[in-house]
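Notes to accompany the following structure.
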Amino acid sequence: MVLKKTKGYQDIDGNLTLPISKGLVDPDTTVPQEIEMASVSVVPDDTFTVTQAVNALGFGWFQVKLSLWTGLCWMADSMEMTILSILSPALHCTWHITRYQQALTTTIVFLGMMLSSTFWGNLSDRYGRKHALSLCAVLLFYYGLLSSIAPSFMWMLLLRGLVGFAIGCTPQSVTLYAEFLPTQQRAKCVVLLDCFWALGACFEVALALIVMPILGWQWLLALSTGPLLAFAMICPWLPESARYHVASGQTEKALETLEKIAKDNGKPMLLGRLVVDDATLSSPHRGRFRDLLVPSLRRTSLLLWFIWCSCAFCYYGLVLMTTELFESSAIACAEGLRPAQSLDTCAADCKPLQTTDYIDLLWTTLAEFPGIFITIFIIERYGRKKTMAVQFVTYAICCCFLVICPGKRTVLTLMLFLARGIIAGVFQAAYVYTPEVYPTSLRSVGVGSCSAMARLGAMVTPYVAQVLLKTSITFATSTYAVAALLASIACMLLPIETAGKELPENTSEQRQANANT
């Protein structure tokens, strides 16, 4: 153990009695909090960890501000994703691109995200979450604005690919947020952060409803960068993760951050010295991708990669299918299969989205809000693994109902509403589980690698939702149902349930969690 600067503050009860300490307590033992705190109060070595400090200082004004800041980043990300389902039909009419080129417009964004996710995760673990997010915000705003003046389809592909490269960093905002949350509130707060995602998606659809008929897609792309500009301007005020500072040996900065949390939350700073784990400092490498495949993490990493890939495949597939189903489900149900050559017709079958399409798209997007609150209700009661597994199965059932040709458009809207809410809940449960299961030194690269695999699934999904769907609704929706069922099995095979557990600081704690499961 390495012990740093002593701080002569009050303990969390405000008394000058025996200080809080865990310096001699085995961090791998799972002891109830009340017993654990009682047992350490008599230890003369007055030390504490970042986890103990965050839990003791609780949820307060500091976390509220951080929620708004990281939520703005999440909202901007959501707007850039939602615009994909609106941009492709618009480009189809403007530049007469084929269905495969429409799918490529979406795929190129996710390709950039996949290639950059691990890069951003490595950068965050090496140089800090704050610096990575600041650079991401500037690049995302710049390339998003340039996309609005793209003179040709090839320029659009290049610029949207660069937008995707910058978006690959946005999951690190969840990592930063989770590392400042007390254990008891962590799952609920991370899931509630999805409210900003849903808000961003709804705002984008409402913005498109107003802008598209009058000004066109160029102005929609330009105006959609507004939240990115706002987030870039507040990045200098973002706090850096205290866990990152400890993992990188910057204990003094970690103490300063903890003092700020105490001040903002109106709590006294813990009495004692901050403990830095030798296992964290002894490794000259932080954030290495290959460390995700060490024996204690291999099974978890492989299963999570498949789960994230399937989740993104199903989520973005549903987003893209929504506009396509509203446009062509009646024809496809009446004719069974559409001729393959119709996929390449351009100007002849150009059908711009109408006001009713935007309104129905808004209704299905609003489904994310009940999906969030349902996930909050069940994720703590039944655990992360069971929550994701059951939601995947439910999503598969909803996809099966999409195969049945609905007699009324309201029935189709209702089924899409249910499926959208459920798969949004799965995504948030995955965002809760993943930072919890990886140790601090690998947390960003772990989330980044999962995000990269999610982008792989999202790259494939346009060819199912926008191309295959035009040939066979049954085949397309069945593909999503099978993917969801396989992901449900993978969720149950995960070796660790993280509900109610502390964030692991190093791989030894993670190995112990494996052994205790």
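The values are calculated or read from the model by the stated rules, or taken from the named source; none is laboratory data. Every value quoted in this text rests on a predicted model; they were computed, and no experiment measured them. Backbone-built Cβ (ideal geometry, glycine too); neighbour counts: all protein chains shown. Accessible surface areas use protein heavy atoms only, side chains included; no ligands, DNA or RNA. Shrake-Rupley method; radii C 1.70, N 1.55, O 1.52, S 1.80 Å.
Yes/no matrix, rows are residues, columns are (1) of a type outside the set (A, V, I, L, M); (2) part of a loop (DSSP other than H, G, I, E, B):
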position	(1), (2)
Phe119	yes, no
Asp125	yes, no
His131	yes, no
Leu145	no, no
Trp155	yes, no
Leu158	no, no
Gly161	yes, no
Cys169	yes, yes
Ser173	yes, no
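Taking the options Leu442, Leu412, name whichever one is part of a helix (DSSP H, G or I) and closer than 22 Å to Glu368 by Cα.
Leu412
Looking at Thr394, Thr471 in this structure, which one is among the polar types (S, T, N, Q) and either closer than 25 Å to Arg288 by Cα or out of contact with any helix residue (DSSP H, G or I) (no Cβ under 6 Å at 6 or more places or on another chain) (or both)?
Matching residue, one of Thr394, Thr471: Thr471.
Could you tell me how many of the residues in region 199-222 are open to solvent by less than 80 Å² (accessible area, probe 1.4 Å) and outside any loop (DSSP other than H, G, I, E, B)?
Final tally of qualifying residues: 15.
Of Ala490, Ala499, Ala476, Ala483, which residue is over 15 Å from Ala430 (Cβ atoms) and of a type outside the set (Val, Ile, Thr)?
Unique residue meeting the criteria: Ala476.
Filtering region 118-127 down to residues that are within 18 Å of the chain's Cα centre (by Cα) and at pLDDT 80 or above, which residue is surrounded by the fewest Cβ atoms within 10 Å (Cβ to Cβ)?
Checked region 118-127; the qualifying residue surrounded by the fewest Cβ atoms within 10 Å (Cβ to Cβ) is Phe119.
Residue-by-condition table, conditions (1) farther than 29 Å from Leu361 by Cβ; (2) among the basic types (Lys, Arg); (3) out of contact with any Asp or Glu (no Cβ under 9 Å at 6 or more places or on another chain):
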site	(1), (2), (3)
Leu416	no, no, no
Gly421	no, no, no
Ala424	no, no, no
Phe427	no, no, no
Ala430	no, no, yes
Pro439	yes, no, no
Arg443	yes, yes, no
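Report yes if Leu485 is farther than 26 Å from Ile167 by Cα, buried (at least 23 other Cβ atoms within 10 Å of the Cβ) and touching a helix residue (DSSP H, G or I) at 6+ places or on another chain (Cβ under 8 Å), otherwise no.
Answer is no for this residue.
State all residues of region 286-323 that are assigned to a helix (DSSP H, G or I), open to solvent by less than 10 Å² (accessible area, probe 1.4 Å) and over 22 Å from Leu84 (Cβ atoms); if no residue qualifies, say none.
Within region 286-323, Leu292, Leu297, Thr300, Ser301, Leu304, Ile307 meet the criteria.
Might you check whether a residue that is modelled with pLDDT of 85 or more, more than 15 Å from Cys491 (Cα to Cα) and of a type in the set (Ser, Thr, Tyr) occurs anywhere in region 453-462?
Yes: region 453-462 contains one or more residues that are modelled with pLDDT of 85 or more, more than 15 Å from Cys491 (Cα to Cα) and of a type in the set (Ser, Thr, Tyr).
In region 246-269, how many are assigned to a helix (DSSP H, G or I) and either of a type in the set (Val, Ile, Thr) or open to solvent by less than 20 Å² (accessible area, probe 1.4 Å) (or both)?
Qualifying residue count for the region: 9.
Got at least one residue in region 177-190 being of a type outside the set (Lys, Arg), within 24 Å of Ala132 (Cα to Cα), in a helix (DSSP H, G or I) and open to solvent by 10 Å² or more (accessible area, probe 1.4 Å)?
yes
Please go through region 233-245 and give me each residue that is crowded, with 23+ Cβ neighbours inside 10 Å and either part of a loop (DSSP other than H, G, I, E, B) or of a type outside the set (Ser, Thr, Tyr) (or both), ordered by number.
Passing the criteria: Ser241, Ala242, Arg243.
Looking only at region 177-191, which residues are under 12 Å from the mean Cα position of the chain (by Cα) and modelled with pLDDT under 85?
Across region 177-191, the qualifying residues are Ala178, Val190, Val191.
Within region 483-496, is there a residue that is without any contact (Cβ under 8 Å) to a residue 12 or more places away in the chain and within 20 Å of Leu402 (Cα to Cα)?
No, because not a single residue in region 483-496 is without any contact (Cβ under 8 Å) to a residue 12 or more places away in the chain and within 20 Å of Leu402 (Cα to Cα).
Could you list, in sequence order, all residues of region 455-482 that are within 23 Å of Met114 (Cβ to Cβ) and open to solvent by 20 Å² or more (accessible area, probe 1.4 Å)?
Leu456, Met459, Val460, Tyr463, Leu468, Thr479, Val482
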